[in-house]
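Written below as structure tokens is the structure these notes are about.
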2 protein chains.
Amino acid sequence: MTSSSNLETVATGNPLAPFDLSAYLRDRQAQVEAALDRSIAVTYPEKIYEAMRYSLLAGGKRLRPILCLASCELMGGNSEIAMPTACALEMIHTMSLIHDDLPAMDNDDYRRGKLTNHKVYGEDVAILAGDGLLAYAFEFIVAETRHVAPERVLHVIARVARAVGAAGLVGGQVVDLEAEGKPDVSIDLLTFIHRHKTAALLDACVVSGAVLAGAAAADIERLSKYAQDIGLAFQIVDDVLDITATQAELGKTAGKDVQAQKATYPSFWGIEESQRQAQQLVAAAKAELASYGDAAQPLMAIADYITTRTH
Amino acid sequence: MTSSSNLETVATGNPLAPFDLSAYLRDRQAQVEAALDRSIAVTYPEKIYEAMRYSLLAGGKRLRPILCLASCELMGGNSEIAMPTACALEMIHTMSLIHDDLPAMDNDDYRRGKLTNHKVYGEDVAILAGDGLLAYAFEFIVAETRHVAPERVLHVIARVARAVGAAGLVGGQVVDLEAEGKPDVSIDLLTFIHRHKTAALLDACVVSGAVLAGAAAADIERLSKYAQDIGLAFQIVDDVLDITATQAELGKTAGKDVQAQKATYPSFWGIEESQRQAQQLVAAAKAELASYGDAAQPLMAIADYITTRTH
């Protein structure tokens, strides 16, 4: 463990110093969107590239790539060295959405206000588009990352791969499928699901940005805790929004959890207590970053945004 | 391009010198089997790890990992440095089989004489087991490869990822799905399918073994041609065996291609001409390796084995 005392001595001034998160997110989202658009060209066989692009470029908040870029910058790197990994993380996130939406899984017809991948391209192509995005994510990191020591790129690949696999996202999804419709799902099991389905990939985003910048182990540990906490908070808020928001706000079918008799945080805690727990997690996440001062403003503001968003 | 003249000067003695391929394959298969068995431990959530292991350890010839190990040794590396990549390639091959067998794809109930993954674990878990194996393959390469320069490991990851994605296996599969049932499939299209569905991954096996050993570009090029040729030959023979072999020999449903009205090499050329074309490709593959002399015996014998195998 390397000390991060050089960063700890940077005292934060006013944590409420003006930081325009909407402008920051808009700016970053545009950068990410452009990079994603460039990341996959359509060539023969067109159908698979089109299917991959259809879901990859279907909008969304691009929170995962933005977290990766912000973390890299906080640790002293420039965002350019993290952009290929940021795009790869969005490819992986997209893969998980395409596969989750399949009839054999959540059987969803809409995602981000558009028809799901298999509704447009068929189940077979949707499965392959997911596989293609997952494989391409790793190729893209290797092919496009510049000015980073190869050891660091390998570290990123291992961490990202672990976050997607059975020890992360895939494992969370399996437990989620098993839990569906069961009356005896505990809050611990629910938290396992979300720590793996959601928080693991957010963790990979923030950690890989830091690794690319050459962050010390202690800083990586701190950022990892931040990501875990906002990841869980994100999911609690998602559960709440499934109840309180409309389909138009969500861009996907609302009320699906209740309909599917899914265990959710509001089903344990009610809506108000769920919101309080989410806020507590966000506060804990922000506390991890307190020592970085103003440099942490983007990550601080993103944490706040998670509990205040309406979609 | 670096010269490979040091290897070219090693004149081959008698190319028919006794080489016991069955013993070699048996030995290597046992090594690979043991390494695969160690590669994935069952932990919570057990179901996903069991599903991954079910298909990964369902037998098979293990030709892909064996090619990777043999190529590494031919280029002067020891097989230990290539074993993690060899296992990863088998994980990826297994992923492609699990997803190909799904109802939305080839809808196959049997594979290697056992029920397919989704028949045992359900479609949802089968999709996730494939995703888990694909992600884990990359984690495994990074985590387990020892005594290899990180640049080489990155090169391997990029090459392997490319072979799986839309530029390789996934792209071939999409074209295959589109071609199914169509009366106007050309021989060029059929060859595109197999160069991508089969040859691309074999190419990644042979090339990554060579890269790990630090092979020169000219040697990699030669080995790549060898792999492309045996890959296509392998598929031609597969098409022939689908007609001539029994289900017991194949360990999967026989006669499926004819039943599905799939374009196959025998449907263009007949069985005899298909066999002749496969033999010609094998001869071309072996010619690429002629300059390596006795050291190339394993790869030479594997090339021969492809046209003489009965399952």
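Summary of computed values
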item: Residue in the stretch B:175-190 that is modelled with pLDDT of 95 or more and at the interface with chain A (Cβ under 8 Å from one of its Cβ atoms) present; result: yes
item: Qualifying position, being within 13 Å of chain B (Cβ to nearest Cβ), assigned to a loop (DSSP other than H, G, I, E, B), at pLDDT 95 or above and at negative phi, among A:125, A:148; result: A:148
item: The stretch A:152-174, residues that are closer than 21 Å to residue B:40 by Cα and at the interface with chain B (Cβ under 7 Å from one of its Cβ atoms); result: A:154, A:157, A:158, A:161, A:162, A:164, A:165, A:166, A:170, A:171, A:173, A:174
item: Single residue of A:263, A:290, A:303 found to be crowded, with 19+ Cβ neighbours inside 10 Å and either closer than 24 Å to residue A:22 by Cβ or acidic (Asp, Glu) (or both); result: A:303
item: In the stretch A:137-189, the residues that are touching a residue at least 24 places away in the same chain (Cβ under 8 Å), touching a Lys or Arg at 6+ places or on another chain (Cβ under 7 Å) and of a type in the set (A, V, I, L, M); result: A:169
item: Selection count where residues are facing chain A (nearest Cβ under 9 Å) and either part of a loop (DSSP other than H, G, I, E, B) or of a type in the set (S, T, N, Q) (or both), scope the stretch B:107-122; result: 1
item: Residue ranges of helices (runs of 4 or more DSSP H) in the stretch A:168-253 with at least 1 members under 30 Å from residue B:139 (Cα atoms); result: A:169-179, A:187-194, A:200-212, A:217-244
item: Helices (runs of 4 or more DSSP H) contained entirely in the stretch A:1-80, each with at least 2 residues that are surrounded by fewer than 19 Cβ atoms within 10 Å (Cβ to Cβ) and either modelled with pLDDT of 95 or more or in contact with a Ser or Thr (Cβ under 8 Å, 6 or more places away or on another chain) (or both); result: A:21-39, A:46-56
item: Tally, over the stretch A:195-227, of residues that are within 14 Å of chain B (Cβ to nearest Cβ), in contact (Cβ under 8 Å) with a residue 40 or more places away in the chain and more than 16 Å from residue A:66 (Cβ to Cβ); result: 1
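Table: residues versus (1) of a type in the set (Ser, Thr, Tyr); (2) closer than 15 Å to residue A:125 by Cα; (3) surrounded by fewer than 20 Cβ atoms within 10 Å (Cβ to Cβ); (4) within 21 Å of the chain's Cα centre (by Cα).
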position: B:100; (1), (2), (3), (4): no, yes, no, yes
position: B:108; (1), (2), (3), (4): no, no, yes, yes
position: B:114; (1), (2), (3), (4): no, no, yes, yes
position: B:118; (1), (2), (3), (4): no, no, no, no
position: B:129; (1), (2), (3), (4): no, no, no, yes
position: B:143; (1), (2), (3), (4): no, no, yes, no
position: B:149; (1), (2), (3), (4): no, no, yes, no
position: B:168; (1), (2), (3), (4): no, yes, no, yes
position: B:181; (1), (2), (3), (4): no, no, yes, no
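The values are calculated or read from the model by the stated rules, or taken from the named source; none is laboratory data. All figures in this text were calculated on a predicted structure; none of them were measured in a lab. Please note: Cβ atoms are built from the backbone with ideal geometry, for glycine as well, and neighbour counts cover all protein chains shown.
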